[in-house]
Amino acid sequence: DAICNFVICNDSSLRSQPIIFNPDFFVEKLRHEKPEVFTELVVSNITRLIDLPGAELAQLMGEEDPKLPGANSTASGFFRSLMSLKRKEKGVVFGSPLTEEGIAQVSQLIEYLHKNLRAEGLFRVPGNSIRQQILKDALNSGTDIDLDSGEFHSNDVATLLKMFLGELPEPLLTHKHFHAHLKIADLTLFDEKGNKTSTPDKERQIEALQLLFLILPAPNRSLLKLLLDLLYQTAKKQDKNKMSAHNLALMFAPHILWPRNVTANDLQENITKLNNGVTFMIKHSQKLFKAPVYIRECARLHYLGSRAHTSKDDLDLLTSSGSKELQPLKSQKRSRLDSCHQEETQQRTEEALKELFLHVHNMPDSAKKKKLIRQFNKHPAALTPGSDVPTSPAPRRTRSRSFSGLIKRKVLGTPVILERKSRDSTPEPVRVSKENVQLLQKCGSPAHMSQAKLKSLEGQKEGSCRRMRARLLSKDSSSL
């Protein structure tokens, strides 16, 4: 059932290149082929990390419209009105919803800035407004632009990139994810007594962002990856451009995370939290676009394995027991071996039970034998070796209360009665349990009994039969 992709390359110059394996192949496959299953898997793990009430969870899933700060505010300031007017002027790229075509145009700006990261005050110092308008019109028209010609400055390109992000209908991280980002910023470590501390829990924050980025729309996720990688490389050269990760977060948080048409007063105490969140994204951007290991494993098993979907906690239990790689084929083979072993054990048990039943049957009539048989009958669900093992019959009343019965016994005699008694007393299979087996083992096995003892037992049995016939004859004569 394995899914394999083979690529045949006839170009000899490419055959020496290393083979690139995408560890998120099955993750992306599950996202495109079964988006509902994929979303349910990711969201279930997000709610394991952060506490989302019912309304916020419904907003994250897109089932309700996001309730954002400032939405019910009656004070519509000049800034909010100005931003609304700007977004009404839609172009092919600027002001339009994010598309792959728009990303292709904006990626030219990002590629150019990667080559010019040493400019001091990059993304902070504004560029020339006239050159920016020329470049904006060129991008909206879809014409090819030669940014390396020297016509435009790096500050022009950086300011235009921020303008593009600011004119999107919604922030790059979307309105649905706003409350989730606030909760991620509150993830902190716990002390030995289980109390929350002020120290951020970086591992859980990275894991939560990885999951949250997985359910972003594909265009948003693609552009976010390009943007955070650019800002990460920019912060690495802060000794030249004087732009740290925190400074870059102050420039870009309003464009990629803040809800649209809000002011700083609307966010109030959340501004610091949002800015720190973007700073964290920039510093750890190289880890945020890899799916967590347990998501990869669940996606892989969805196509290759027979196991049910598991969460991170389930995989932790598996790895702690020493199984880092789940192998369904080996587990199936092991189960077949276990079933064969169980069948052999069952067969040996039945043979041992058969010997014990025969031993009980050959035992002389005694109180001990009756006690064992009563214990056998208490466990009818136990295994029996077969129905061919005779047991002592239940006592039956041989005396007839009718007058015709008396005549038959007088005319036919006692041999007929004995023959009927032996015919009607067909033994039933005795059922035994494990505790009864232990009792039988105390009595020994027929194989260990001496020949003399067997003969004495047969003699005792014949004597008991003669005494039984005498009692029956005496009863018949007394009744007559």
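The values are calculated or read from the model by the stated rules, or taken from the named source; none is laboratory data. Being a predicted model, the structure only gives us computed values, none of them experimental. Cβ sites come from the backbone with ideal geometry, for glycine too, and all protein chains shown count toward neighbours. Surface accessibility is based on the protein's heavy atoms, side chains included, excluding ligands, DNA and RNA. Shrake-Rupley method; radii C 1.70, N 1.55, O 1.52, S 1.80 Å.
Side notes on the structure shown:
- Here A104 and L189 are evaluated by their C-beta separation; at R0 = 30 Å the FRET efficiency comes out at 0.10.
- Dipole magnitude (debye, nearest 20) for the range 86-230, charges at Cβ of Lys, Arg, Asp, Glu: 520 debye
- Between E120 and V293, full extension at 0.36 nm per residue minus the direct alpha carbon distance yields a gain of 58.3 nm.
- When each of K162/K242; K67/K136; K196/K225 is checked by Cα-Cα distance, pairs over 23 Å: K67/K136; K196/K225
- Around the amide H of T188, modelled in the peptide plane, lie the amide H atoms of D201, all under 5 Å away and 5 or more residues distant in sequence or on another chain.
- Gained length - L304 relative to K273, 0.36 nm times residue gap less alpha-carbon distance: 7.0 nm
- Accessible-area composition of the range 131-255, carbon plus sulfur, in percent [1.4 Å probe]: 50 percent
- Ligands, DNA and RNA excluded, the heavy atoms of M251 present near 50 Å² of accessible surface to a 1.4 Å solvent probe.
- Per residue, in Å², the accessible surface of the range 172-301 once ligands and nucleic acids are set aside, probe 1.4 Å: 42 Å²
- Label-point separation in nm, H361 to L226, each point 7 Å along Cα→Cβ: 8.7 nm
- Computed FRET value (nearest 0.05) for H246 with E33, which takes r as the C-beta separation and R₀ as 41 Å: 0.50
- Given R0 = 51 Å, the distance between the Cβ atoms of E40 and E351 translates into a calculated FRET efficiency of 0.45.
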